[in-house]
Amino acid sequence: MPAARRPGLTIVDDVLVERVLRAVELVPRGKVVTYGDIAELVGIGPRLVGQIMGTWGLGVPWWRVVNASGDLPDFHLTRAHEEWVLEAIEIKPSGKGCRLRRHHADLELLGQAWELAVADLPPLPQK
């Protein structure tokens, strides 16, 4: 994947994208995490996670990454609902998202799995 530049963002390199996508791939079926959870794991901001997901996230289970309220943008909801039903992720009565507390992935286990999954990648540069 080539590096990309978007207004207001730093250059996104292949290693950073790969670190985010590998984290999303590790979210167990039937569980969800927030953009902030992935951001903390990878060591970047949640908005950058959202930008990476919006550009490169179609090949990973993107419906398992929601905002801090458990919601997704309206244009993703129809497809996300289909996936959530298949994975027995309960949809909120508003229909805007899922029951985050009920389906939140174990972040300690996710972090351990992610450390192993990215062991072959170079570390991110320190700020």
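Some points to look at:
- Count - residues of the range 37-68 that are surrounded by fewer than 17 Cβ atoms within 10 Å (Cβ to Cβ) and either out of contact with any Ser or Thr (no Cβ under 9 Å at 6 or more places or on another chain) or within 14 Å of Leu110 (Cβ to Cβ) (or both): 8
- Residue count, the range 59-111 (criterion: in a strand (DSSP E or B) and more than 18 Å from Glu25 (Cβ to Cβ)): 4
- Residues of the range 35-48 satisfying the condition of being over 17 Å from Leu116 (Cβ atoms) and in contact with a Gly (Cβ under 8 Å, 6 or more places away or on another chain): Tyr35, Ala39, Pro46
- Hits in the range 75-89 (condition: touching a residue at least 12 places away in the same chain (Cβ under 8 Å) and either of a type in the set (A, V, I, L, M) or exposed (fewer than 13 other Cβ atoms within 10 Å of the Cβ) (or both)): Leu77, Arg79, Ala80, Ala88, Ile89
- Being of a type in the set (Ser, Thr, Tyr) and in contact (Cβ under 8 Å) with a residue 40 or more places away in the chain is a description that applies to Thr55.
- Per the conditions (1) at pLDDT below 95; (2) acidic (Asp, Glu); (3) within 17 Å of Asp106 (Cα to Cα), the sole criterion not satisfied by Asp14 is (3).
- Residues (free of Cβ contacts under 8 Å to residues at least 24 places away in the same chain and assigned to a helix (DSSP H, G or I)) located in the range 112-127: Gln112, Glu115, Leu116
The values are calculated or read from the model by the stated rules, or taken from the named source; none is laboratory data. Every value quoted in this text rests on a predicted model; they were computed, and no experiment measured them. Quick reminder, even Gly has a Cβ in these numbers, built from the backbone with ideal geometry, and neighbours come from all protein chains shown.
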